[in-house]
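Below: one structure, written as structure tokens.
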Amino acid sequence: MLGNFLTDTGHVRSHNEDSGGIYFNQENQMLAIVADGMGGHSAGDVASSLATTELHTRWSNTKEISSPEQAQAWLNDEIKEVNQIILQYAIDHEECKGMGTTIVAAVCTDYFITIAHIGDSRCYLSNSHGFAQVTEDHSLVNELVRTGQLSPEDAEHHPRKNVLLKALGTEERVDIDIKTISWEPKNYLVLCSDGLTNKVEDHELHQYIIEADSIEDSMKKLIDLANERGGEDNISLAIVQNSPQQKEGE
């Protein structure tokens, strides 16, 4: 399995409030994370960094995940604990009051992927059926689209497009969307912040991934494209490829 994470401040903002990475547990299983922080001053990067660092630490101490049920329970329990950590940090540090972060995280095994998310950072899957968004944004505009009050076309330019209905670290109770999907060799999983998806169409995302020479090449080109189109936000993405393991001698 191959995976990488890349983030860029963009062309407008002075600092990067995104965080994320590719991490491994004790059995060398992969956890991919993208978090997009928000809050006054520099509190957004505190929230996203806390989320990523805490999940990284917990994952590195985790033994083998052998079933979707285990993966779902791990993501649910650990993200809820991280929610409490972010809330408590904001209580202890007045300058961080009101901070929060989106989170999209995926436990990746050879045969299945379990994805958890809160907010509008997204997960996509590329497989033999094409390219599809796996998560559904927890945003005001997406809720208006879902209930038929707004067309997808109008949603793209809605003035309140960035208003979230859910985030990590902003409420005592947090409802996490978690799902497990199967995948096969040569499939790709893409996790990204809205700094990318607000600038790059889904079909472009797919094209850059399948036509690139490497994961690193596609990530760099996608970030360059988002920056060419304005780069008003931080831009982050993680890509994981379910690459077949080569046997010795091949």
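The values are calculated or read from the model by the stated rules, or taken from the named source; none is laboratory data. Because the structure is a prediction, the values reported are computed rather than measured. Cβ: placed from backbone, ideal geometry, glycine included. Neighbour counts: every protein chain shown. Protein only, heavy atoms only, side chains kept; ligands, DNA and RNA dropped before computing areas. Shrake-Rupley method; radii C 1.70, N 1.55, O 1.52, S 1.80 Å.
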Residue 138 meets each of (1) open to solvent by 90 Å² or more (accessible area, probe 1.4 Å); (2) free of Cβ contacts under 8 Å to residues at least 40 places away in the same chain with one exception, condition (1)
One residue from 6, 50, 31 being at pLDDT 95 or above, open to solvent by less than 10 Å² (accessible area, probe 1.4 Å) and either within 15 Å of the chain's Cα centre (by Cα) or of a type in the set (Lys, Arg) (or both):
31
Of the numbered conditions (1) farther than 24 Å from residue 75 by Cα; (2) loosely packed, with under 14 Cβ neighbours inside 10 Å, residue 195 satisfies every one except a single condition; which is it?
(2)
Could you grab me the full set of residues in the stretch 213-246 that are touching a residue at least 60 places away in the same chain (Cβ under 8 Å), assigned to a loop (DSSP other than H, G, I, E, B) and acidic (Asp, Glu)?
232, 233
Looking at (1) open to solvent by 30 Å² or more (accessible area, probe 1.4 Å); (2) not aromatic (Phe, Trp, Tyr); (3) not in a strand (DSSP E or B), can you tell me which one residue 65 breaks?
(1)
Listed by range, helices (runs of 4 or more DSSP H) wholly within the stretch 149-212 having at least 1 residues that are among the hydrophobic types (A, V, I, L, M, F, W, C) and touching a Lys or Arg at 6+ places or on another chain (Cβ under 8 Å) are 152-155
Filtered residue count, the stretch 95-131, keeping only those that are among the hydrophobic types (A, V, I, L, M, F, W, C) and open to solvent by 10 Å² or more (accessible area, probe 1.4 Å)
3
Of the numbered conditions (1) open to solvent by less than 50 Å² (accessible area, probe 1.4 Å); (2) without any contact (Cβ under 8 Å) to a residue 12 or more places away in the chain, residue 88 fails exactly one; give the number of that condition.
(1)
Take residue 214 and tell me if it is open to solvent by less than 50 Å² (accessible area, probe 1.4 Å), small (Gly, Ala, Ser) and in contact with a Ser or Thr (Cβ under 9 Å, 6 or more places away or on another chain).
no
For the subset of the stretch 96-117 comprising residues that are in a strand (DSSP E or B) and under 17 Å from residue 83 (Cβ atoms), which member is farthest from the chain's Cα centre (by Cα)?
100
Any idea how many residues of the stretch 6-39 are out of contact with any Leu (no Cβ under 7 Å at 6 or more places or on another chain), among the small types (Gly, Ala, Ser) and either outside any loop (DSSP other than H, G, I, E, B) or within 18 Å of residue 119 (Cα to Cα) (or both)?
6
Is it fair to say residue 154 is free of Cβ contacts under 8 Å to residues at least 12 places away in the same chain and more than 24 Å from residue 8 (Cβ to Cβ)?
yes
In this structure, does residue 179 turn out to be in contact (Cβ under 8 Å) with a residue 40 or more places away in the chain, open to solvent by 40 Å² or more (accessible area, probe 1.4 Å) and of a type in the set (Lys, Arg)?
yes
Take the conditions in contact with a Lys or Arg (Cβ under 7 Å, 6 or more places away or on another chain) and open to solvent by less than 30 Å² (accessible area, probe 1.4 Å) and apply them to residue 79. Does it pass?
no
